[in-house]
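**Q** My questions all concern the structure below.
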Amino acid sequence: MDLGTLVSGTLTDTIDVSVPLFRTELAIAASVVIVLLCRMLPVLRWLDSGVVALGGAAFALAYAWADFQAAGSVRQELFGGLLVFDSLTASIRVLLAGFLVLYLMFTRISGIPDREDAADFSALVLGATLGMCLMASANHLLMVFMAVEMASVPSYALAGFLKGRKASSEAALKYAVYGAGAAGIMLYGISLLGGVTGSFHLPTMAVEIGRIVAAGGDGKVLVLVLGGLMLAVGLAFKLSAVPFHFWCPDVFEGAAAEVGAFLSVASKAAAVALTLRIVFGLGTLPAGVVDADAAAGLADARHFMVYLVGGMAAITCTLGNLAAYGQTNMKRLLAYSTVAHAGYLMMGVAAATALAGVHPANARQAVSALTFYLATYLFMNLAAFAIVAVLRNRLRSEEIAAYAGLVRTSPGMVVAAAVVLVSLIGLPPLAGFIAKFLVFSSLVQAITLTSERPLMLVLLVIGGINTVISLFYYLRVLKVMTFDPPAEDHYVEPPSAVSLAGWYITAVAVPVVVFGILWSGLYDFAQMAGTFAS
Amino acid sequence: MTPADALSQPALWPLTAIVFLPALVAAVLSLPIIPKAREEAIRWIALATTAVVFVLSLWMAWPGLFGARGPAQFTVGEPGMQLVVSRPWIPSFNIEYLLGVDGISMPLVVLTTFLSMLACAASWPITKHIKAYHVLFLLLETGMLGVFVSLDFFLFYVFWEVMLLPMYFLIGIWGGPRREYAAIKFFLYTLLGSVLMLIAILMLYFTSDLRMLSPEQLVASHAAVDAAAARQITEATEPVHTFNLLALAELGQLKNSPFAAASIRGVSLEVWAFLLLLIGFVIKVPVVPVHTWLPDAHVEAPTPISMILAGVLLKLGGYGILRICYPICPGGGLALAWLVCGLGVVSMVYGAFAALAQKDFKRMVAYSSVSHMGYVMLGLGVWSAVGANGFDPDYWAQGVNGAMFQMLAHGFSSAGMFFMVGVLYDRVHHRNLEEFGGIFNRMPVYASLAVAVFFAGLGLPGLCGFIGEVLVTLSAWNYSRWLAVISAFTVILTAAYILWAIQRVYLGAEYKGPDGDHLTPMTGRELAIATPLVFLAILFGVAPQLLFNYVTPTVNRQVETLAAWTREVHPDFPGQPALAPAASAASTAPARALAED
C-alpha cells in the first residue's frame, strides 16, 4: 500500500464517515473554544458566556438526538477504530447532552459560578462532558485512557472551584491525587493487556483474549487477570465503587453542590457506559467472527468479569448505604447515596455481562435497564442537588439539621424533596422504583437463564436488603424537614412565592413522577440503547 | 379509548373513579387554590369525597339499591371475577391496568370506603396542618382501594407501596409522643416485606409463560381479549411472561406448573414464592413474631388513622394471602400449611395474653387485633389441609369463609373499638386502664355503644365477631384437633381481657382519674360515627348471610378448584408429601396423625 492510498483512505474515513457522526462532540468542542475566546477577546466581551455554553449544549443535544434516531442497529467504527458509534454511544450522548442543557440552566439560576467565573466554569463543564462522550464511545484502550483523563482533569478543577474555601481546595487536591493514582494503575493495566494481546483495539483484543484463555497454561492468563484488575481500578475510581470511593464524600462536601450534581450524574453515566463498553468489548466476540475456541475462552473471561463487577457491586452498595446512615451533612449523604447507586448500577452491569453472549436479547434488556436507570438518576440527582443548592442560598447551610421544620416555610420544596428522596429509595409510583425494578429484573433473568445463578441470587438479595437499609437515611432527611420543629434562632429568608429556582426544581422533579407512572416511552428509548448488545 | 371499549368494559370509569377520585381530590387540595386557613372547607371537601366514593362503591356492590341494575354493577352470587377493566399500560412488560372485583374483594372495597368515610368524619379533632392531613389521608384511601381491585401484580405492588408514605407521615406528624419511632418502625417492617414480595413477583414473572395455557384459559383469565389474541399468544416463539394475577393462578394450578418445575437450592419455586409472599403479607396481618410494629403504630397513630390501620390495612395481608399466595402457589400452600396454621394459632394466643397484660387501653385493643387476625390466618391455613377427609373441600371452604367473615367483622369491630377509645382520650387525655371507671354513669349513651362494640370484638353470639371465630374453630378441628382446642380456649382469654377492660373502664362507682370534668356526652358527630358501626356489628351478627351471599360463591369455587388441583397433582399427599422438603414433612406429621385417628 503506498502512501497516497493510505492518506486518501484515512481522509475518506475521517471526513465522510467519522466526522458526521462526531458532530455532537464537535459542537461541544466549538462551544468550549468560543467560551474561552469570549473571555480573552475584548471584541467578544459583550457575549454572555453562559448563553454561549447553553447554545452549544443545545446544538449538541439536537445533533445527539438526530444521530440517536438514525442509529438503529448501526455499528460504525470511527477514526480508524478508535471510537465506535452504535446505539449505546448515541443514547448516552443524548443523556449527557440533555443533562448539560439542564445543568447549565441550573448553574445560571443557582448563582454559582458568579458572572465573573461563568466562562471558566462553563469551559470546564463542557470539556469534561466532551471527555465523557468519548468515554461512552471508546473502542480502543488508548482512547479509554484519554477519555477518562479528559473527563477527570476538568473535574479536579471544578472540585476546587470555590477558590476561597479551604475545604474546596482540599477536595480538589484529594480528588486529583486519587485520580492520578488510579489513572497510573489503569495505564499500567492497559499496557499489560496490550502487551499480551498485541492490540489496543477492543474487538481485536477480545478474539485474542479468547484464544489465550482457551489455550490456558502459561503465565499469559495471569497477566491478563492482573491487567484486567488494574483496568478495573481506573473504572472503579470513576464509578466511585468501593474501595476506590474515598474521594467521593470529601469532594462532594468540599465542592459546591452544583459540582456535586455534575459529578454524580454525568460522570456516573459516562463511567457506566464505559464499563459496559469494556465488558462487552472484551467479553464478547465481534460480530462475524466464528471461533469456537475463542468463544469458550471468552466465556471464562466473562465469568471473571461477572464476579469482579458483581462482588464490587455488592460491597459498594452495602457500604455506601451503611456509611450514609451516619452523615449529618446533606452533600455527604448524597455522596454516599451516589456510591450506593453505583452499586445498584454495577449489579445491572454484572447481570448484563452474565447474559451477554449467552442470551443476547436478555443482555439487551439488561443494558436497557441500566440506561433507564441512568436517565431517571439524572432527574433524581439533579433535583436533589438543585434543592441542596437553593436551600444553601436561603439557609446558608448544608447541614441536615438546618432543614428542621422546613415544611412550615416552604412546603413546595419539601414536597419536591420528598418526591426525589423517596424515588431514590426506590418506592413506587416514582421513577426510581422503575429503575430498580428493571435492574432487579435483569438479575432475575440472569438467575433463570445463566450459569451465574448463585452470584446473581446473592446480588438480588443484597439489592433488596439495601433498599430497606437506604430507607433510614433518606427518610431521616424528610423527618427533619417535616416532623422536627424549626430552630428558634435560625434566620430563614422568607421564600418568594414564585421563584425561578422553584420552577426549575419543579421542572426536574416532575419527570421523576411522570416516568414512574408512564414509563413506556422512556423505556422504549432505553431499549434502543440496548440494541448494540444483541 | 374508543366508545367500543367503554361498552365492553362498563366498569372502566366507575372502578377508576372509586380508586382515583380520592387521589384526584388530594391533588387539587394540595394546589394553593384553597387557602390553608379554610380548615372547615378542607374537612368538608375530604368528607364529601370519601362519601361519594362510598356511595359509588355501594352502588356498585348492591345492584338495585338505587333503581334498576346497570351493567357496571356487581352480580351477587356469581363466583368469578366481574366488572373487569383491562387497558394496556406498559406493553413491553405486559403490564396492564387490570382491575376487577369478585366476592372476595367487593365486600372489602365497601368496607374500605365505609371506614374511610367514618375515619374522615372522626378526623375533626385533628387541628394541626389540616390540609396536609387530608391530602395524605385521601392518597392513603386510593392506595388501599387500588390494592383490593387490581388484578395485575405490578399494579398491585404499586398500590401496596403507595400506602406506605402517607401512612408514615400520618403517624409521624399527627401521632402521639413516640410517633417518630412508631412511624419508621411501621415503614421499615412493611418495606422489608414488600421487598421480599418484589423478589417473588419478579421470579414468578420471569418463570411464567402464557403459552402453556389453552386459548380458553387465556380468555377466561383476561390475558387475551378474544380467541384471536389468545392464538397469537400460544403461537409466539418466545416465552410470554405475565403479571396478570388470574393467568398466574391458572399457570400455578397447571399439572405441569412452571413454578413447580423451577427450583432453587432443591426447593421448588412455588414454595419459595409462597414463603416470600407470605412473609410480605403476614407482616401486614400481622402475626407473631413480626407483629411488633402494630402496637406501636396503633397506639401512636391518631384515632382515625388507628381505625384505618385496624379496619383496613390489616385486611390487606389476609386478602393478599387469599388472592395471591394460594391460587398462584398452591404447592407452596400445601407444603407450608402447618406454618400458616401455626402462625395463626400462636398469634391468637400470644395476642390474647399480651392484651391481658396491657395497662394502656389503646394498646390492649391493638393486641386484640393481633389475636383476632390469628383466626384469619388459621382459617386460611386449614384450607390446604387434606388429611383423612379424602380431599373433601367442605372444611376448607368453611375455614376460608370464616376467615373472610372474620376479616370483615373485625373491620367493623376493631375500627369501632379504636374509635371508642379515641372518644374517651379526646376528653380525658389519658388511656390508662387503671385510672378509668364509672364511665357508665357519666356518659351512658357512649358507654352502651362502646360496650356493644367491645362485645362484638369479644365474639358474643348475635354479634359479628362470633360467626367468623366459630367457623374457623370448627374447620380447624378436621385439620388438627389441638389447634382447634387451643383456638376455642382463646375465646376465654378474649372474654377475659375484654370483660376486664369493660369492668375497669365503664363500670365502677365513679371516675377518679384526671380531667373528670371533661367527660361530656358524645357529640352528634361522634354518635353519627359510632351508631353505624354498632348497627352493622349487630346486623352482621344476626344476618351473616348478608355478607356470605357475596363471599361464599367465590370462596367455594376457589376452594373446589384447589381441591381438584390437589387431587390431580398430589393424589398421594396425606401419605407421601410430594413437595417434601424434609422439614415440612416432619412438621406436618403430628397434624396428620391427629387427623387420621
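**Q** As an exercise, identify the trypsin sites (Lys or Arg not before Pro) in region A:78-116 lying in DSSP coil whose Cβ has no more than 15 other Cβ atoms within 10 Å.
**A** Passing sites in region A:78-116 are A:ARG115.
**Q** What three numbers, in Å, describe the spread of the alpha carbons of region B:293-419 along their principal axes, ordered from the longest?
**A** 47, 25, 21
**Q** Taking the full set of protein chains and a 1.4 angstrom probe, give the accessible area of B:THR292 in square angstrom, rounded to the nearest 10.
**A** Accessible surface of B:THR292 is approximately 50 Å².
**Q** With +1 on each Lys and Arg Cβ and -1 on each Asp and Glu Cβ, and nothing else charged, work out how big the dipole of chain B is about its Cα centre, in Debye to the nearest 20.
**A** That gives chain B a dipole magnitude of about 1180 debye.
**Q** Here is a further query. Taking trypsin sites (Lys or Arg not before Pro) as candidate sites, keep only those in a DSSP loop with at most 10 other Cβ atoms within 10 Å, then name the longest stretch of chain B containing none of them. Walk me through the numbers on the way to the answer.
**A** Numbers: sites that count: B:LYS128, B:LYS255, B:ARG265.
For trypsin sites (Lys or Arg not before Pro) (loop position, at most 10 other Cβ atoms within 10 Å), the longest site-free span of chain B is B:266-597.
**Q** Only four residue types carry charge here, +1 at the Cβ of Lys and Arg and -1 at the Cβ of Asp and Glu. Report the dipole size of region B:113-227 about the Cα centre in Debye, rounded to the nearest 20.
**A** Working: 6 positive and 7 negative charges, 144 e Å.
For this selection, approximately 700 debye.
**Q** In addition: Any residues in region B:158-178 that have 40 Å² or more less accessible area with all protein chains than in their chain alone, probe 1.4 Å, and which are they?
**A** B:GLU161, B:LEU165, B:TYR168, B:PHE169
**Q** Hand me the GluC sites (Glu not before Pro) from region A:204-307 located in a DSSP loop with no more than 14 other Cβ atoms within 10 Å, in residue order please.
**A** The qualifying sites: there are none.
**Q** If you take the Cα Rg of region B:1-162 and divide it by 2.2 N^0.38 Å, with N the number of residues, what do you get?
**A** Values: Rg = 16.5 Å, N = 162, 2.2 N^0.38 = 15.2 Å.
For region B:1-162, the normalised Cα radius of gyration comes out at 1.09.
**Q** What translational diffusion coefficient, in µm²/s and rounded to a whole number, does the Stokes-Einstein relation yield for region B:458-549 at 37 °C and a viscosity of 0.692 mPa s, taking the hydrodynamic radius as the Kirkwood radius over Cα pairs?
**A** Numbers: Rh = 16.1 Å.
So the translational diffusion coefficient is about 204 µm²/s.
**Q** Amide H neighbours of A:PHE200 under 5 Å, at least 5 residues apart or on other chains, H built in the peptide plane: list them.
**A** Distant-sequence amide H within range of A:PHE200: zero hits.
**Q** Helix A:268-283 against the longest principal axis of chain A: what's the angle in degrees, Cα atoms only, rounded to the nearest 10?
**A** Approximately 10 degrees, to the nearest ten.
**Q** What ranking, highest mean first, results for peptides A:125-135, A:59-69 when packing means the other Cβ atoms within 10 Å averaged over each residue? Could the numbers behind the result be given before it?
**A** Details: A:125-135: 26.9, A:59-69: 19.9.
Peptide ranking by packing, descending: A:125-135, A:59-69.
**Q** Find me the longest stretch of chain B that has none of the exposed GluC sites (Glu not before Pro), where exposed means in a DSSP loop (not H, G, I, E or B) with at most 11 other Cβ atoms within 10 Å. Mind dumping the intermediate values first?
**A** Numbers: sites that count: B:GLU235, B:GLU510.
The answer is B:236-509.
**Q** Whole-Hz ³J(HN,Hα) for each residue in region B:323-333, computed from phi via Karplus 6.51 cos²θ - 1.76 cosθ + 1.60 with θ = phi - 60°, x for glycine and proline: what do you get?
**A** Along region B:323-333, the couplings run 7, 10, 4, 5, x, 7, 10, x, x, x, x Hz.
**Q** List every residue whose amide H lies under 5 Å from the amide H of A:LEU427, counting only residues 5 or more places away in sequence or on a different chain, with H placed 1.01 Å from N in the peptide plane.
**A** Residues meeting the criterion, in which the H sits 1.01 Å from N, are A:PHE433.
**Q** With only alpha-carbon atoms in the gyration tensor, what are the semi-axes of the equivalent ellipsoid for region B:247-347, in Å, largest first? Intermediate results must be reported in sequence, preceding the final value.
**A** Numbers: eigenvalues 187, 39, 19 Å².
Semi-axes (√(5λ), whole Å): 31, 14, 10.
**Q** Evaluate region A:431-471: find the radius of gyration of its Cα atoms, find its Kirkwood radius, and give the ratio Rg to Rh. Can you show the working numbers first?
**A** On the way: Rg = 10.6 Å, Rh = 10.5 Å.
Radius of gyration relative to Kirkwood radius: 1.01.
**Q** Taking θ as phi - 60°, what are the ³J(HN,Hα) couplings along region A:346-351 by the Karplus curve (6.51, -1.76, 1.60), each to the nearest whole Hz, with x for Gly and Pro?
**A** 5, 4, x, 4, 4, 5
**Q** Taking the Cα centre of region A:4-103 as origin, sum charge times position over the Cβ atoms of Lys and Arg (+1) and Asp and Glu (-1), and report the length of that vector in debye to the nearest 20.
**A** Details: 5 positive and 7 negative charges, 66 e Å.
About 320 debye.
**Q** Separate question: Over chain A, what is the relative contact order in whole percent, taking alpha-carbon pairs under 8 Å and six or more residues apart?
**A** Values: 909 pairs, mean separation 76.4, N = 534.
The value is 14 percent.
**Q** Radius of gyration and Dmax for chain B's Cα atoms, expressed in Å?
**A** 23.6, 79
**Q** Moving to a separate point now. Would you list, by chain and number, the lysines whose Cα falls below 20 Å from the Cα of A:LYS174, excluding same-chain residues fewer than 8 positions away?
**A** A:LYS163, A:LYS166, A:LYS238, A:LYS268, A:LYS331
**Q** In peptide A:403-412, how many Cβ atoms from other protein chains are near each Cβ within 10 Å, on average? Show your work: numbers first, answer last.
**A** On the way: counts 0, 0, 0, 0, 4, 1, 0, 0, 6, 2.
The mean count of partner-chain Cβ atoms within 10 Å per residue comes to 1.
**Q** Once the dipole of the protein assembly as shown is set up with Lys and Arg at +1 and Asp and Glu at -1 on Cβ about the Cα centre, which of A:PRO428, B:TYR550, B:MET522 lies farthest towards its positive end?
**A** B:MET522
**Q** May I pose another question? Could you tell me the ratio Rg/Rh of the protein assembly as shown? Both radii from Cα atoms, Rh via Kirkwood. Intermediate results must be reported in sequence, preceding the final value.
**A** Details: Rg = 31.6 Å, Rh = 31.5 Å.
Answer for the protein assembly as shown: 1.00.
**Q** I want to check the label-to-label distance for B:HIS518 and A:ASP16. Put each point 7 Å from Cα in the C-beta direction and report it in nm to one decimal.
**A** Taking the two extended label points, one gets 8.9 nm.
**Q** Among B:VAL101, A:GLY210, B:SER347, which residue has its Cα positioned farthest towards the positive end of the charge dipole of the protein assembly as shown, with +1 placed on the Cβ of Lys and Arg, -1 on the Cβ of Asp and Glu, and the dipole taken about the Cα centre?
**A** B:SER347
**Q** Which three semi-axes in whole Å describe the equivalent ellipsoid of chain A, each the square root of 5 times a Cα gyration tensor eigenvalue, listed largest first?
**A** Values: eigenvalues 277, 155, 83 Å².
They are 37, 28, 20 Å, listed from largest to smallest.
**Q** On to the next question. Which cross-chain or sequence-distant (5 or more) residues have an amide H under 5 Å from the amide H of B:VAL85, H modelled 1.01 Å from N in plane?
**A** Counting only residues 5 or more places away or on other chains, the set is B:LEU99, B:GLY100.
**Q** Further question on the same structure: Could you tell me which residue out of B:TYR189, B:ALA262, B:SER221 lies farthest along the dipole of the protein assembly as shown toward its positive end? Charges go on the beta carbon: Lys and Arg +1, Asp and Glu -1, centred on the Cα centre.
**A** Comparing the listed Cα positions along the dipole, B:TYR189 ranks first.
**Q** Taking R0 as 56 Å, what's the FRET efficiency between A:LYS163 and A:ASP291 from their Cβ-Cβ distance, rounded to 0.05?
**A** Working: r = 56 Å, r/R0 = 1.00.
Efficiency, rounded to the nearest 0.05: 0.50.
**Q** Quick one, what does Rg over Rh come out to for region B:177-332 if you take C-alpha atoms and the Kirkwood Rh?
**A** On the Cα set of region B:177-332, Rg over Rh gives 1.10.
**Q** Ignore the peptide's own chain and count Cβ atoms of other chains within 10 Å of each Cβ in B:194-203; give me the average, rounded.
**A** On the way: counts 5, 11, 4, 1, 10, 8, 0, 4, 10, 4.
Neighbouring Cβ atoms belonging to other protein chains average 6 per residue here.
The values are calculated or read from the model by the stated rules, or taken from the named source; none is laboratory data. The model shown is predicted, which means the values in this text are computed figures rather than measured ones. Cβ sites come from the backbone with ideal geometry, for glycine too, and all protein chains shown count toward neighbours. What goes into the accessible areas is simple: the full protein's heavy atoms, side chains included, and nothing from ligands, DNA or RNA. Shrake-Rupley method; radii C 1.70, N 1.55, O 1.52, S 1.80 Å.
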